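Presented below is the structure to which this report refers.
The values are calculated or read from the model by the stated rules, or taken from the named source; none is laboratory data. For clarity, every value in this text was computed on a predicted model and none was experimentally measured. So basically every Cβ, Gly included, is an ideal-geometry build from the backbone, and we count neighbours across all protein chains shown. Accessible surface is based on the protein model in full, side chains and every heavy atom, while ligands, DNA and RNA are left aside. Shrake-Rupley method; radii C 1.70, N 1.55, O 1.52, S 1.80 Å.
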Amino acid sequence: MKKFFALFIVLILVLATLGCTDNSQVVSDDKEGDKVTDKKPEDDNDKPDKTDDTKPKIDFDEVQPNEAGEIMVLMYHSIAPEEDTWVRTPDNFRKDLEKLYKNGYRLVSMRDVIKGNIDIEAGKSPVVLTFDDGTQGHFNYIEKDGDLVIDPDSAVGILLEMNEKYPDFGTAATFYINSNPFRQPEYAERKLKELVEFGMDIGHHTYGHIYLDQHGPEEIQRQMAKLQELVNDVLPDYPLDTFALPFGIWPQDEYRQYAIAGEYDGINYENIGVLEVGSYPAVSPFNKSFDPMSIPRVRASYEEGYGHFKFFFDVFEDNPSRRYVSDGDPNYVTVPEELKDKINLDDFPYKELRTYTIDE
Ligand SMILES: [Zn+2]
């Protein structure tokens with residue numbers, strides 16, 4: 001009896017699907033019509049131009065968007081059992097993420113901030129996670145009950161755990177790697193591919209973690225190109241296009257351009273952003289003074305002074321007007337009227353400036 005019932009349901013579904021396919025072909029002439037979907041035809045009608053009309057209007061008084069505000073780009077190094085200047089323990093990293101989530105922060109990738117693609121819910125603030133040096137604690141595989149699993153105490157494991165707990169938090173994080181990324185060569189390829197599948201990013205940190213000021217154009221370009229080759233051998237189309245300066249050190253002035261773009265042995269590289277080591281939040285990408293080629297970072301550690309996460313987290317709590325707050329609509333850049341002169345959208349021609357004043 002059960003079997004017969006199941007067969008009947010399948011038959012109904014098949015008939016319904018056929019019906020749907022026919023309908024959507026009438027509605028739209030695009031390739032979507034050939035796909036078997038369970039979408040109702042009216043959904044397809046909405047699809048071609050999903051404009052802001054379909055989005056709920058935001059209440060400026062309540063949300064107080066400020067897309068001229070500052071953004072913390074957090075700089076992590078190792079995730080390992082002993083807390084230290086350059087080490088965060090797994091539990092402290094979890095606490096950082098909990099604190100960020102609960103206080104209205106959402107993860108946005110470095111690349112998306114630079115490109116102005118800050119697509120988070122109205123009233124939320126973007127925060128960027130960066131990890132330097134490709135250590136094993138960033139992405140580790142362990143054996144558990146005979147299976148190979150992602151170490152739940154590695155950065156990637158913790159990010160996945162948090163995103164499971166808070167699905168709107170996101171998984172965006174950029175791992176600035178060198179040769180031998182994540183120190184388990186047997187899984188290196190798999191890890192690079194998985195990072196991208198998980199919605200995370202890979203960035204330049206030079207092949208050999210060199211002091212750029214101690215080298216000339218050839219070696220600088222070779223270091224950049226070799227890392228690019230390492231990544232592109234695994235992910236041929238992956239745009240390795242943001243660069244965290246090793247030790248925060250630029251090449252000598254006359255070779256500065258090679259930190260941004262260059263070519264070695266037929267391999268071209270070009271960065272859309274360069275990240276420094278210290279020591280304060282970045283301005284909004286829509287702010288006139290935003291310089292993608294010198295993005296400051298905030299140090300994520302137990303330390304409490306200027307330059308560190310706790311310091312600027314508290315600064316933003318005490319001065320909410322400093323913090324970037326999203327309007328929830330990537331088509332607009334919304335700022336309080338008095339901040340409109342801070343904005344320059346020349347690099348974002350598809351975005352429109354919108355201002356508001358709060359009724360007292
Ligand atoms: Zn480094």
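For the reader, a short list of remarks on this structure follows.
- Carbon + sulfur, % of accessible area of the range 62-356 - ligands and nucleic acids excluded, 1.4 Å: 44
- Local net charge near residue 235, Cβ-Cβ under 15 Å (Lys/Arg +1, Asp/Glu -1): -4
- Full-extension gain in nm, residue 357 to residue 289, via 0.36 nm per residue minus C-alpha separation: 22.1 nm
- Exceeding the 23 Å Cα-Cα cut-off - candidates 115/288; 115/310; 193/351; 57/95: 115/310; 193/351; 57/95
- Spin-label model, residue 99 to residue 234: label points 7 Å out along the Cα-to-beta-carbon direction sit 3.1 nm apart.
- Label-point gap, in nm, between residue 270 and residue 119 - each point 7 angstrom along Cα→Cβ: 2.3
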